[in-house]
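Participant: To start, I am sharing the structure in question, which I have written as structure tokens.
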Amino acid sequence: MVEIGYSKKVLDHFMNPRNVGTIEDADGYGKVGNPVCGDLMEMFIRVKDGIITDIKFKTFGCGSAIATSSMVTEMVKGMSIEEAMKVTRNDVADELDGLPPQKMHCSNLAADALHEAIRDYRKKRDGK
Ligand code: FES
């Protein structure tokens, strides 16, 4: 059997994911699929005065996708959308004390869905 080592933080966020759910009439919505495994991620944001005041996610993804999304929602709540746009896949993995190399692709979903939601918010705000 192949040994895959998960950090305590990954296991904690997987077992007790934060901010799971949806936001009615969200200010921004992002949905992305992972081309590697076919898993899906949806992210909903509420924005007030340029700050992410609430964020929720729903995923049809693996444990690492759940843990990274849970972590990213905690990281960006209270951040400005500009700062949140700069959060990378690696930042999320670092914050979780790393992911096994075979699971790094799973962290793409969380960061990409967040960025999609911010783009959607900007589009709606600018009326485009
Ligand atoms: Fe699909 Fe992890 S295996 S997101």
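Participant: Can you give the local net charge around residue 57? Use residues other than it whose beta-carbon is closer than 10 angstrom to its beta-carbon, Lys and Arg +1, Asp and Glu -1.
Facilitator: Residues near residue 57 contribute +2 overall.
Participant: When the helices in the chain are scored as -39500 (n - 2.57) per DSSP H run of 4 or longer and the sum is shared across all residues, what 222 nm value do you end up with, to the nearest 500 deg cm²/dmol?
Facilitator: -12500 deg cm²/dmol
Participant: Tell me which residues come under 5 Å, amide H to amide H, from residue 79 once H is placed; ignore anything under 5 positions away on its chain.
Facilitator: 52
Participant: Here's something else I'd like to know. Place the peptides 56-67, 98-109 in order of packing, highest mean first, counting for every residue the other Cβ atoms within 10 Å and averaging per peptide.
Facilitator: Per-residue Cβ counts within 10 Å, averaged per peptide and sorted highest first, yield 56-67, 98-109.
Participant: Can you tell me the order of 41-54, 80-93, 13-26 when each peptide is scored by its average per-residue count of other Cβ atoms within 10 angstrom, highest first?
Facilitator: Most protected by this proxy first, the peptides run 41-54, 80-93, 13-26.
Every number here is computed from the coordinates shown, using simple stated rules; none is lab data. A quick note: this is a predicted structure, and the numbers were derived from the prediction, not measured. Quick reminder, even Gly has a Cβ in these numbers, built from the backbone with ideal geometry, and neighbours come from all protein chains shown.
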